Structures are given as C-alpha cells and as structure tokens.
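First the structure, in the form of structure tokens, and then the observations on it.
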Amino acid sequence: MSAARFTQSSAFEAPRLVLFDCDGTLVDSQHHIVAAMQAAFASHALAAPAPDAVRRLVGLPLEVSVRRLLESMALSAEADADAVVAAYRQAAFAMRHAPDHDEPLFPGLLEALAKLEADGYLLGIATGKARRGLDATLSLHGLHDRFVTLQTADIARGKPDPDMVLRAMRETGAEPGSTLVVGDTTFDILMARNAGARAIGVAWGYHDPAELLEAGALAVAESYGELPALIRMTTGG
C-alpha cells in the first residue's frame, strides 16, 4: 500500500455502492477515442486535435468535448459542432465493429471486482459514454452482470454534474455517505464531491494523480491490486 497517495480524511462508514468510470478506469480505450475524434475532424476538413488534448477531455459528454476542442483550436467559428459529434459517433461505431478493435481491460480489474463483490459492495458505472457505447464495451468483456446500475451521459447530465451519482443512489438506495466513485479524471472526483459522495482516483488514466488529489480524491490507487484494500481502508470497512 505504500505506493498509494493519500490526502487526510476522517473515517466514515463503509459505502454500499462503488461507482466506476469506464474509459481510462475500467478499459484502456484511448487509442479508439483519439482515432475516432481525429477521423471526425478530418471528415469535415478540420485539423486533427492533438492526442493529449483529446485524452484530457475524456469523461466529459461528447458534445462538450467537441466544442472545447473546437474552441481551443480556434475552429468554433468555422465548424458545425453537431456535425462533428455525429461524425465521431459514426467513426466510433465503425471502429468498434472492426476485426482488429482492441479495448483491453486494465490489469487486475476482474480480480478487484470479485473482491469488492465478496466484501458486499454494490458496483455501478457512471460514464461520459452513451449507453450504446457502454453496452458494447461491457458486452465485449462479459461485464454486464457485474454492475447493478449503469449511468450514461445520454440519460443523465454529464460530469462533473452530480446527476449520474444521484441517479445511481436512487436506484440502489445508497446515500451520499455510503457511495464512493472510482475514476481517473478530475471530472470523476468533482462529480462525486458535487453529489456529497467520496472518491478514489486511479493513476493509470488521463489526469495526473496530483490533480486528482487536488480535486478532492481521498487516495489514488497505483494498480487494481491496491484498490479493494484502499476502499476498505478509506471507508473503514
């Protein structure tokens, strides 16, 4: 546990619900996301956004990400953001169904989920993906049955708005003090805090661990092998 980074926090009751982000937390989808975004821009004769700029926005609703990229590249006046969004969805759909599509789980995930389930936690997802994209990812890895609540950006307000966490709590009967979010971006941490819940960051995603701690994460896990014990330690479970 020495590799984990902690902020000071008081003890609190073990949460009933652990909500995971998807992209950058459960699955390594960065190459797919960057390629789809660059293809969407190219389809409208726009300069391709830099990979790092795309990765920094993963987790936000797609419409927000596209508009921020266009603004940062001074392209908002000459581009139809809605058309770029539609082009992204088309590109992402085509890539998901390509024979060489690869969206691997991060190492140790399945073992961590099994330990959390054995400890009595309910597991859910809160993601900036649309439901169609999330279903494709979960189906690819046979994960649908592991999660009792699925919150996506097409049925709820996007991160860092607390709506997805609040909806998940209503569905499961969890309370803010019994809910914990696991994510790789500050958007995840702020979403949890805005809902009155707690959060743990992961170090293998798209935002730096120091940023996650500054945003309010109780800890940052360096690997999935650390995560179940981190959750027990930070929740007093």
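The values are calculated or read from the model by the stated rules, or taken from the named source; none is laboratory data. For clarity, every value in this text was computed on a predicted model and none was experimentally measured. Using ideal geometry, Cβ is built from the backbone for each residue, glycine included, and neighbour counts are taken over all protein chains shown. What goes into the accessible areas is simple: the full protein's heavy atoms, side chains included, and nothing from ligands, DNA or RNA. Shrake-Rupley method; radii C 1.70, N 1.55, O 1.52, S 1.80 Å.
Helix content alone sets the calculated 222 nm mean residue ellipticity of the chain: runs of n ≥ 4 DSSP H residues at -39500 (n - 2.57) each, divided across all residues, give -12500 deg cm²/dmol.
Which value, in Å², gives the accessible area per residue of the range 117-196 when a 1.4 Å probe is used on the protein heavy atoms?
On the way: 3080 Å² over 80 residues.
Per-residue accessible area for the range 117-196 comes out at 39 Å².
Annotation: for a label point projected 7 angstrom from Cα along Cα→Cβ of residue 132, residues of the range 21-62 with backbone N closer than 16 Å are 36-37, 40, 62. Extension gain for the segment residue 194 to residue 171, taken as residue separation times 0.36 nm less the Cα-Cα distance, is 6.5 nm to one decimal. Expressed as a whole percent, the accessible surface of the chain that belongs to carbon and sulfur atoms is 51, based on a 1.4 Å probe.
The stretch between residue 73 and residue 43 holds 9.2 nm of extra length on full extension. This uses 0.36 nm per residue minus the Cα-Cα distance. Under the convention that each Lys and Arg Cβ holds +1 and each Asp and Glu Cβ holds -1, the size of the dipole of the range 126-204 around its Cα centre is about 80 debye. Using the Stokes-Einstein relation with a Kirkwood hydrodynamic radius computed over Cα pairs, the translational diffusion coefficient of the range 92-172 at 37 °C and a viscosity of 0.692 mPa s comes to 235 µm²/s. Applying both filters, DSSP loop and at most 11 other Cβ atoms within 10 Å, to the chymotrypsin sites (Phe, Trp or Tyr not before Pro) of the range 142-237 eliminates every site. Scattering from the range 156-216 was approximated by placing one identical point on each alpha carbon and applying the Debye formula without solvent; log10 I(q)/I(0) at 0.14, 0.17, 0.27 1/Å stands at -0.34, -0.49, -1.05.
Separation of the range 199-213 from the range 154-175 is 21 Å, based on Cα centroids.
Dividing the Cα convex hull volume of the range 113-237 by residue count, how many Å³ per residue is that?
In the range 113-237, the Cα hull volume divided by residue count equals 101 Å³.
Considering all different alpha carbon pairs of the chain, the Kirkwood hydrodynamic radius works out to 18.0 Å.
Annotation: extensible slack from residue 145 through residue 232 equals 29.0 nm (criterion: 0.36 nm per residue apart, minus Cα-Cα distance). Under the combined filter of DSSP loop state and at most 13 neighbouring Cβ atoms within 10 Å, the range 40-143 retains these GluC sites (Glu not before Pro): 78.
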